[in-house]
1. At what distance in nm do the modelled label points of Ala406 and Glu179 sit from each other, each positioned 7 Å from its Cα along Cα→Cβ?
2. Tell me which residues come under 5 Å, amide H to amide H, from Trp265 once H is placed; ignore anything under 5 positions away on its chain.
3. At a 10 angstrom cut-off on C-beta neighbours, averaged per residue, how do the peptides 370-377, 257-264 rank from highest to lowest?
4. Return the long-range amide H neighbours of Ala324 (sequence gap of 5 or more, or a different chain), with a cut-off of under 5 Å between placed amide H atoms.
5. Accessible area per residue for the chain in Å², computed with a 1.4 Å probe and the full protein assembly in place, what is it?
6. If you roll a 1.4 Å probe over the chain with all protein chains in place, what percent of the accessible area is carbon or sulfur?
7. Each residue of region 266-280 in order: what ³J(HN,Hα) in whole Hz does its phi give by Karplus 6.51 cos²θ - 1.76 cosθ + 1.60, θ = phi - 60°, with x for Gly and Pro?
8. Quick one: net charge around Ala297, please, counting Lys, Arg +1 and Asp, Glu -1 for every other residue with C-beta under 11 Å from its C-beta.
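The values are calculated or read from the model by the stated rules, or taken from the named source; none is laboratory data. As the structure is a computational prediction, the values presented were derived from the model and not from experiment. For neighbour counting, all protein chains shown are included, and Cβ atoms are generated from backbone atoms with ideal geometry for every residue, glycine included. The protein model used for the area step is the full one, side chains on, heavy atoms only, and it has no ligands, DNA or RNA in it. Shrake-Rupley method; radii C 1.70, N 1.55, O 1.52, S 1.80 Å.
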Amino acid sequence: MAAGTSDEEIARVFRAEHGRAVAVLVRTFGDIDIAEDAVADAFAAAVERWPATGLPPSPAGWIITTARNRAIDRLRREASREDRHAQAALLHAGDVPPGEGAVRDDRLRLIFTCCHPALATSAQVALTLRLLGGLTTAEIAHAFLVPEPTMAQRLVRAKGKIRDAGIPYRVPHEADLPERLRAVLAVVYLVFNEGYTASSGDRLVREDLAAEAIRLGRLLATLMPEEPEVMGLLALMLLIESRRAARTTPDGGIVLLPDQDRTRWDRALIAEGQELVRRCLARNQPGPYQLQAAIQAVHSDAATADATDWGQIVALYDQLMMVAPGPVVALNRAVAVAEVEGPETALTLVDGLDLGRYHLFHAVRADLLRRSGRTAEAVAAYDEAIGLAGNAAERAHLRRVRETLAG
């Protein structure tokens with residue numbers, strides 16, 4: 001590329017390569033903080049140099065090499081002051097063994113390391129989102145529906161526990177892989193969700209994160225082909241991703257599922273996802289991701305919104321509530337119930353949920369109130385949703401609907 005690389009292009013490289021660079025540096029130096037700081041230094045250098053020089057032939061290679069060199073220079077300075085931690089990191093960097101075990105990918109190696117049983121599940125997921133996805137603390141807090149300071153403390157504690165407990169940066173042994181699987185799947189799905197509907201910013205979608213989650217899902221399916229929940233997660237992501245082209249207008253506005261042009265859905269992704277769902281059904285070991293994938297498969301079967309088999313979707317949500325009960329699942333089930341039994345019945349279900357800080361709770365409630373003819377209450381609920389939505393495209397959509405009611 002010619003000189004004059006834009007900030008947007010550098011940001012694209014950051015989104016695409018941050019996780020890989022951190023993962024490589026963690027393996028190289030055996031320390032999360034060193035890896036994060038070094039990669040941050042490398043991207044700071046890129047911001048200074050690339051606008052004048054243009055992108056290097058291999059931006060990822062440039063970032064990793066620069067980060068490694070910056071880290072070594074820093075550690076040598078600190079080691080000269082008898083910093084034992086710096087000396088140990090330098091020794092680690094000088095003698096990095098080849099990767100062993102079932103996983104050969106640095107990013108998956110780091111995911112499994114962050115998903116060590118010594119950490120709480122919430123900390124495992126949050127830390128991996130930070131390191132692998134490059135998500136900000138605010139974005140991770142949104143995914144967990146907790147305040148940002150709470151998430152910042154959680155991340156600090158997680159990294160401290162890894163350091164103090166001496167948790168190794170390696171792939172777990174084959175026998176240990178299954179027990180780590182639940183947290184790993186949660187990590188991948190939250191990365192996908194952040195990519196499919198960004199929690200902040202002007203754009204609805206972060207394609208890089210969605211693509212990374214699907215890539216990791218495919219690798220997990222290759223690694224653990226006999227695990228039905230791995231297949232279920234991959235199917236779920238593929239079926240949701242198949243609708244991406246139809247989800248937005250040319251100017252970035254949101255197009256809801258009933259209004260989407262279904263001829264724009266990706267039939268190849270749908271066929272792949274549905275085949276995975278059939279394989280899951282044949283195993284008859286239903287789990288949360290398989291059931292969610294089955295729900296998406298029902299949507300993908302309908303040629304039009306009116307042809308959707310909502311009764312089957314409610315039945316699948318009933319099963320999901322048995323294996324993975326929770327308020328967000330109950331909220332989604334209520335949306336399906338509204339199509340079968342009407343908005344008033346669904347509204348009774350929604351009003352019993354404790355999701356006051358979740359913008360989609362208020363958006364769903366507003367829609368049900370609108371459909372029930374309770375306009376003033378619907379306007380107030382839309383106001384609540386708009387105030388909580390972090391994504392500009394979502395806020396704009398909610399405002400448009402609200403304006404049609406407010407007159």
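1. 5.5
2. Amide H neighbours of Trp265, under 5 Å, 5+ apart: none.
3. For the peptides 370-377, 257-264, the packing ranking is 370-377, 257-264.
4. Hits under the 5 Å cutoff: none.
5. Working: 18970 Å² over 407 residues.
I get 47 Å² per residue for this part.
6. Values: 9720 of 18970 Å².
That share works out to 51 percent.
7. Per-residue couplings from phi come out as 7, 5, 5, 5, 4, 4, 5, x, 5, 5, 5, 4, 4, 5, 5 Hz.
8. Its environment carries a net charge of -2.
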